[in-house]
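S.K.: The following block contains the structure, expressed as structure tokens.
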Amino acid sequence: MATRSKLSGTAALEDIEGVGPQAFLASIVECSDDAIYGKTLDGAILSWNRGAERIYGYSAAEMVGRPVSVLVPPNKPDEVPAILERVKRGERVSHFETTRVRKDGEVIDLSLNVSPIRDASGQIIGASTTARDITEQKKMREALAERAKEILDVSTPVLQVWEGVVVAPFIGTLDTQRAQQFMERLLDKIVQTNSAVALLDVTGVPAIDTRTAQHLIETITSVRLLGAQAILTGVRPAIAQTLAHLGINLADVATRSSLAAGLRVALDILNLKISTQEDQAKGAHSL
Amino acid sequence: MTNQNISLVKVRNTLLVTMPADPDDVTVTTLQEEVLGAMEKYRPKGLVLDISSVETLDSFFARTITETSRMVTMMGGQTVIAGMRPSVAISATQLGLTMVGTFTALTVDRALDLLAHPHPRRRIR
């Protein structure tokens, strides 16, 4: 009585009084918030649920019999034919994110699932589409990406701490994108401030893995190529241990355990000395 | 047509060589020949290679520079590479063209300073 596998979950429905299994399922489709519509293999709309009316703005009377391509924005003429081709081959199209045009002209973001509809003999006779409105979701995703970018901008500052010395504090972990941005910022700042020394401070780096270590080495190398000297500061025992375990040789890189110690080295390179005002008064020569 | 001219000037006891923007392989090879020729003629204490106009650095260029630097050292001079652009430094690093053993300076000015007063701590350490 029921068509093969499609209504396989309906055994329990036969017990519900006054409602046949097919009518029950039909009402589920009708009440869904998602757009659910059936079409022929040529793309002509056969059925159109309430969710579709709401999402697309067209009533069922307006859509049944019309080609689904009226919903497609003009810049995607090949999309529907391509989807129908796959369905004709028995394929399902899942979570296909695309755009469609509502009756009022608004362009919306949707996620489509398109499956073949088969008759009793198993022949594919049409396609069924479920479309979920993901406009809100997409907006949130984009806002999140914006936020992430802002955090990125904020957390990779490069500061000039003295004439000729810049400090770049690493905060948090370094992924490839941050590392790249960090390197560019640092090198630009060095050129801009005509600095001779760059202090790369890793006090704020909780864990250092191979990739982060690699980025660090790359940064130090590019600073050197530019013509400034890089000093790695804030190397704590945990980091030193990890670097040693990773077999990374920092023999040709100046390192210090604290930023202050690094600054001392920087001043030395610049031939500068800090003296107290008393020393000055006593006539000691400095700077 | 890009200007492929290398400018080579003797300033006091130093050779100042300025590379054009996009040096092709011929220009790079010419660089080495001209430098060695000038080294012989003038016997300068140092060579400043100004690459501040160079926008791209390929492996041939990097190798030739490193080689030339070594040759200059063998002839009793000291090479400093000046004015590498940040974008070039980043690509060079990522390509592994690190030119180990060469001295570098932010500007030609600094390079001349470095040659005049070699600071022991300025060594790449």
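The values are calculated or read from the model by the stated rules, or taken from the named source; none is laboratory data. Every value quoted in this text rests on a predicted model; they were computed, and no experiment measured them. In this analysis, Cβ positions are derived from the backbone assuming ideal geometry, glycine residues included, and neighbour counts consider all displayed protein chains.
Residues are listed down the side, and each one gets a yes or a no for (1) within 13 Å of the chain's Cα centre (by Cα); (2) under 15 Å from B:LEU97 (Cα atoms):
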| residue | (1), (2) |
| --- | --- |
| B:LYS41 | no, no |
| B:THR64 | yes, yes |
| B:THR73 | yes, no |
| B:ALA82 | yes, no |
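S.K.: With A:VAL80, A:VAL101, A:VAL70, A:VAL114 as the choices, which residue is β-branched (Val, Ile, Thr) and under 20 Å from A:ILE28 (Cβ atoms)? Outline the logic, then answer.
M.R.: Numbers: A:VAL80 fails: under 20 Å from A:ILE28 (Cβ atoms); A:VAL101 fails: under 20 Å from A:ILE28 (Cβ atoms); A:VAL70 fails: under 20 Å from A:ILE28 (Cβ atoms).
Selected residue: A:VAL114, the only one of A:VAL80, A:VAL101, A:VAL70, A:VAL114 that is β-branched (Val, Ile, Thr) and under 20 Å from A:ILE28 (Cβ atoms).
S.K.: Restricting attention to the stretch B:43-56, does a residue exist that is out of contact with any helix residue (DSSP H, G or I) (no Cβ under 6 Å at 6 or more places or on another chain), of a type in the set (Lys, Arg), touching a residue at least 60 places away in the same chain (Cβ under 8 Å) and under 30 Å from A:ASP268 (Cα atoms)?
M.R.: Yes, that holds for at least one residue.
S.K.: From the list A:THR173, A:THR193, A:THR203, which residue is modelled with pLDDT under 80 and of a type outside the set (Phe, Trp, Tyr)?
M.R.: So the residue among A:THR173, A:THR193, A:THR203 that is modelled with pLDDT under 80 and of a type outside the set (Phe, Trp, Tyr) is A:THR173.
S.K.: What strands (runs of 3 or more DSSP E) lie completely within the stretch A:134-240 and have 3 or more residues being more than 26 Å from the chain's Cα centre (by Cα) and in the same structural domain as A:ASP109 (by TED's automatic domain parsing)?
M.R.: Qualifying strands (runs of 3 or more DSSP E): none found.
S.K.: Picking from A:SER94, A:SER111, which residue would you name as being buried (at least 17 other Cβ atoms within 10 Å of the Cβ), among the small types (Gly, Ala, Ser) and assigned to a strand (DSSP E or B)? Step through it out loud before you land on a result.
M.R.: Numbers: A:SER94 fails: buried (at least 17 other Cβ atoms within 10 Å of the Cβ).
Testing whether each residue is buried (at least 17 other Cβ atoms within 10 Å of the Cβ), among the small types (Gly, Ala, Ser) and assigned to a strand (DSSP E or B) leaves just A:SER111.
S.K.: Does the stretch A:216-244 hold any residues that are away from every other protein chain (no Cβ under 14 Å) and hydrophobic (A, V, I, L, M, F, W, C), and which are they?
M.R.: We begin by selecting, within the stretch A:216-244, every residue away from every other protein chain (no Cβ under 14 Å); these are A:233-244.
Scanning the stretch A:216-244 gives A:VAL235, A:ALA238, A:ILE239, A:ALA240, A:LEU243, A:ALA244.
Quick grid of which residues meet (1) of a type in the set (S, T, N, Q); (2) buried (at least 19 other Cβ atoms within 10 Å of the Cβ):
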position	(1), (2)
B:GLY37	no, no
B:LEU49	no, yes
B:ASP58	no, no
B:ARG63	no, no
B:THR66	yes, no
B:GLY76	no, no
B:ALA92	no, yes
B:ASP109	no, no
B:LEU114	no, yes
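S.K.: Could you tell me whether any residue of the stretch A:269-283 is within 14 Å of chain B (Cβ to nearest Cβ), assigned to a helix (DSSP H, G or I) and hydrophobic (A, V, I, L, M, F, W, C)?
M.R.: Looking for residues that are within 14 Å of chain B (Cβ to nearest Cβ), assigned to a helix (DSSP H, G or I) and hydrophobic (A, V, I, L, M, F, W, C), one finds at least one in the stretch A:269-283, hence yes.
S.K.: For residues that are out of contact with any Leu (no Cβ under 6 Å at 6 or more places or on another chain) and facing another protein chain (nearest Cβ under 8 Å), scanning just the stretch B:88-103, find the one that is nearest to B:LYS10 (Cα to Cα). Reasoning before the result, please.
M.R.: Here is the first cut: in the stretch B:88-103, the residues out of contact with any Leu (no Cβ under 6 Å at 6 or more places or on another chain) are B:90-91, B:93-103.
The next check asks that each one be facing another protein chain (nearest Cβ under 8 Å); those that pass are B:90, B:93-94, B:98-99.
On the way: B:ILE90: 31, B:THR93: 31, B:GLN94: 34, B:THR98: 27, B:MET99: 24 Å.
Checking each candidate, the answer is B:MET99.
S.K.: Could you tell me whether B:LEU106 is under 22 Å from A:ILE269 (Cα atoms) and either among the polar types (S, T, N, Q) or at the interface with another protein chain (Cβ under 10 Å from one of its Cβ atoms) (or both)?
M.R.: On the way: under 22 Å from A:ILE269 (Cα atoms): yes; either among the polar types (S, T, N, Q) or at the interface with another protein chain (Cβ under 10 Å from one of its Cβ atoms) (or both): yes.
For B:LEU106, the condition - under 22 Å from A:ILE269 (Cα atoms) and either among the polar types (S, T, N, Q) or at the interface with another protein chain (Cβ under 10 Å from one of its Cβ atoms) (or both) - is met.
S.K.: Quick check on the stretch A:168-195: of everything there that is buried (at least 22 other Cβ atoms within 10 Å of the Cβ) and either away from chain B (no Cβ under 14 Å) or among the hydrophobic types (A, V, I, L, M, F, W, C) (or both), which residue is nearest to A:VAL265 (Cα to Cα)? So that I can check it myself, show each step before the final result.
M.R.: Step one: filter the stretch A:168-195 for residues buried (at least 22 other Cβ atoms within 10 Å of the Cβ), giving A:168, A:170, A:174, A:182-183, A:186-187, A:190, A:195.
With either away from chain B (no Cβ under 14 Å) or among the hydrophobic types (A, V, I, L, M, F, W, C) (or both) added as a condition, the list becomes A:168, A:170, A:174, A:182-183, A:186-187, A:190.
Details: A:ALA168: 16, A:PHE170: 19, A:LEU174: 25, A:PHE182: 23, A:MET183: 22, A:LEU186: 19, A:LEU187: 20, A:ILE190: 17 Å.
Of everything passing the filter in the stretch A:168-195, A:ALA168 is nearest to A:VAL265 (Cα to Cα).
S.K.: From A:ILE124, A:ILE117, grab the single residue that is under 18 Å from A:TRP48 (Cβ atoms) and surrounded by 12 or more Cβ atoms within 10 Å (Cβ to Cβ). Quick ask: steps written out before the conclusion?
M.R.: Numbers: A:ILE124 fails: under 18 Å from A:TRP48 (Cβ atoms).
Within the list A:ILE124, A:ILE117, the selection yields A:ILE117.
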